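Student: Handing you this structure, nothing more for now.
The values are calculated or read from the model by the stated rules, or taken from the named source; none is laboratory data. Just so it is clear, the model here is predicted, and its values are computed rather than measured. Heads up, the Cβs are rebuilt from the backbone with ideal geometry, glycines too, and the neighbour counts pull from every protein chain shown.
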Amino acid sequence: MDKFIPNSYYENIYSINYDALKKKKIKCIMFDLDNTLALIDEGIPPEKVIKFMKNLNKSFDTYIISNNNRKRIEKFCRHFDSEFVAFALKPLSKGFRQIQKMKKYRVEEMCIIGDQLMTDIFGGNRFGCYTILVDPLGKKDLKVTTLNRFLENRILKKLSKRGILERGKYYE
Ligand SMILES: [Mg+2]
C-alpha cells in the first residue's frame, strides 16, 4: 500500500513548489501527459503549457513519459524542448530507466509528476524516484485507464480512511 502514496500532492502542475524540488537536488522532472499536462483530446498544448514548459526547461531537464503512442507525444512535445518516452508501460520501470540513462541521473535526482496512482505514482515509487500526484485535468480518460481509475478509487478510499491521502487535501 505504501507504494501508492505520493511524496507530495498538489492541485496541478502550476501549484507545485519547484524551488522545493531544486532544494531536494532534483534535476530531472518527468511529466505524464494525459490529464496532467493537457486533456486527452488536446493534440496541441495550450499556450499556457508551452510557456510553462519553456520556462521550467531553464531550471530542470524535463521529459514527457507517457503510455500513449509516439505520434501523440511527438506532436505535443514539438512545441517546447522536452525529450519524451512513448509507450512507457508505466508502472513498469522501463520508461523511467530509459530516461535515467539519457543523462546518467541518480534515481534521487529524478521526479515524476502525474495524475494516476496506478501508473505514475506506483511506477515512480517502485522505480525509487520522487513522486508528485496532481488532480486529473479532466474527467475523460483513455479507455485503457478505466480499470486503473476503478482500482485507484478503491485505494484512495482506504488511504483516506486512514487519513493518509484524501482528494483535495494537498501536501508538500
Ligand atoms: Mg495521466
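Student: When you check Ile113 against the structure, is it touching a strand residue (DSSP E or B) at 6+ places or on another chain (Cβ under 7 Å) and in a helix (DSSP H, G or I), yes or no?
Tutor: Working: touching a strand residue (DSSP E or B) at 6+ places or on another chain (Cβ under 7 Å): yes; in a helix (DSSP H, G or I): no.
For Ile113, the condition - touching a strand residue (DSSP E or B) at 6+ places or on another chain (Cβ under 7 Å) and in a helix (DSSP H, G or I) - is not met.
Student: Sort out which residues of the stretch 1-60 are touching a helix residue (DSSP H, G or I) at 6+ places or on another chain (Cβ under 6 Å), in a helix (DSSP H, G or I) and closer than 20 Å to Tyr170 by Cβ, and write them in order of number.
Tutor: Within the stretch 1-60, Phe4 is the sole residue that qualifies.
Student: Got a sec? Which of Lys90, Lys25 is touching a residue at least 12 places away in the same chain (Cβ under 8 Å) and loosely packed, with under 14 Cβ neighbours inside 10 Å? Spell out how you get there, then give the answer.
Tutor: Details: Lys90 fails: loosely packed, with under 14 Cβ neighbours inside 10 Å.
Answer to the selection: Lys25.
Student: Oh, and also: Quick check on the stretch 70-80. Is at least one of its residues of a type in the set (D, E, K, R), surrounded by 15 or more Cβ atoms within 10 Å (Cβ to Cβ), more than 14 Å from Asp115 (Cα to Cα) and modelled with pLDDT of 95 or more?
Tutor: The first filter runs over the stretch 70-80 and keeps only residues of a type in the set (D, E, K, R), leaving 70-72, 74-75, 78.
Those left that are additionally surrounded by 15 or more Cβ atoms within 10 Å (Cβ to Cβ): 72.
If we keep only those that are more than 14 Å from Asp115 (Cα to Cα) as well, we get 72.
Remaining after also requiring modelled with pLDDT of 95 or more: 72.
Within the stretch 70-80, one or more residues are of a type in the set (D, E, K, R), surrounded by 15 or more Cβ atoms within 10 Å (Cβ to Cβ), more than 14 Å from Asp115 (Cα to Cα) and modelled with pLDDT of 95 or more.
Student: Evaluate the following for Ile164: is it part of a helix (DSSP H, G or I) and either more than 15 Å from the ligand (Cβ to nearest atom) or farther than 30 Å from Asp19 by Cα (or both)? Give the steps one after another, and end with the answer.
Tutor: Details: part of a helix (DSSP H, G or I): no; either more than 15 Å from the ligand (Cβ to nearest atom) or farther than 30 Å from Asp19 by Cα (or both): yes.
Here the answer is no, as Ile164 does not meet what is asked.
Student: Which pairs do you get when a residue that is more than 23 Å from Lys48 (Cα to Cα) and part of a loop (DSSP other than H, G, I, E, B), found in the stretch 116-142, comes within reach of a residue that is among the β-branched types (Val, Ile, Thr) and more than 13 Å from the ligand (Cβ to nearest atom), reach meaning Cβ atoms under 8 angstrom, with the pair 6+ apart or on two chains?
Tutor: Listed by first residue and then by second, the contacts come to Gly128/Val107; Cys129/Val107.
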